[in-house]
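As structure tokens, the structure follows; a few thoughts come after it.
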């Protein structure tokens, strides 16, 4: 459970496995634990590095300045510190946008993979985050906001068994490093002005885009045109997956990612 001290934050990260380095970047309201069920599918083949983004997990302080520039710099500093050489990067949702910014900023990025993301502004997504925070601020909000979150992020198959909701609730409520309501508000405020720094044309490494077919937060039809400027592009869709594609379809997503990485070793 290592930490890296930087100028204004202490960045927590997890590292597992062996092989070429693969950096995994979480999305909004998530930390390194978002990859808990996904990373083991990769760690036999890759050294998997999972940082907690600013305002999440065990990265402190929770209220440090938060934005694309800072989080990209954090990731680059972490990989420089680890000194593992050229690396692959993959990210979910906001983490996917970070992956593209990293790819444009550093020649050490061998490939970039983007899961359930888009380079588009969607007012409905911002409204969803604001509503979830408002629910969380109410009495019994720690449970209610999670129940309100799940229909936004999971596909239909998740709800076919009601036990899935209770299992997810129990895990989330018992997670000792969960983002607090204040840290959630801090990250949501940052999201209002969050913009990717890199133009698609600046991403020249092989790039995988994995769309979640049942994603209502970032619908594939709206997201797909935003990646058109990337020259070396591979696109796949997992039809039944919701926005939380790494939990809805971990094996299928890992299969696509491993095939892509093998083809671009």
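If both residues of a DSSP beta bridge must be in segment 3-263, then about 30% of such bridges are antiparallel. For segment 199-261, averaging the sequence separation of C-alpha pairs within contact (under 8 Å, six or more residues apart) and dividing by the residue count gives a relative contact order of 39 percent. Answer rounded, prolate or oblate for segment 59-160, using the Cα gyration tensor with square roots of eigenvalues a ≥ b ≥ c: rounded when a/c is under 1.5, else prolate when a/b is larger than b/c, else oblate. Prolate.
Roughly speaking, what is the centre-to-centre gap between segment 1-29 and segment 68-124 when only Cα atoms are used, to the nearest Å? Result: 12 Å between the Cα centres.
What's the FRET efficiency of residue 202 with residue 43 using the Cβ-Cβ distance as r and R₀ = 30 Å, to the nearest 0.05?
Details: r = 31 Å, r/R0 = 1.02.
Plugging the Cβ-Cβ distance into 1/(1 + (r/R0)^6) gives 0.45.
Here's the picture: a label point sits 7 Å out from the Cα of residue 157 along the beta-carbon direction, and within segment 220-253 the residues with their amide nitrogen under 15 Å of it are 237-253.
Across all Cα pairs in the chain, the calculated P(r) in 10 Å bins from zero up to the longest distance comes to 7, 32, 40, 19, 2, 0 percent per bin.
Quick one: if you take sqrt(5λ) for each eigenvalue of the C-alpha gyration tensor of segment 3-106, what semi-axes come out, biggest first, whole angstrom? Don't jump to the answer; show the numbers that get you there.
Working: eigenvalues 76, 42, 35 Å².
Output for segment 3-106: semi-axes of 19, 15, 13 Å.
The label point for residue 144 and the one for residue 177, both projected 7 Å from the Cα toward the Cβ, are 3.0 nm apart.
What value, in deg cm²/dmol to 500, does the helix sum -39500 (n - 2.57) over DSSP H runs of n ≥ 4 give at 222 nm once divided by the residues of the chain? Walk me through the numbers before you get to the answer.
Details: 10 runs with 105 residues, N = 265.
Computed mean residue ellipticity for the chain: -12000 deg cm²/dmol.
Of the Cα atoms belonging to segment 129-265, the radius of gyration and Dmax stand at 17.4, 51 Å.
Rule-based calculations on the coordinates, nothing more; no lab input. If you're wondering where the values come from, they're calculated on a predicted model, not measured in any experiment. Neighbour counts run over all protein chains shown; Cβ positions are idealised from the backbone, glycine included.
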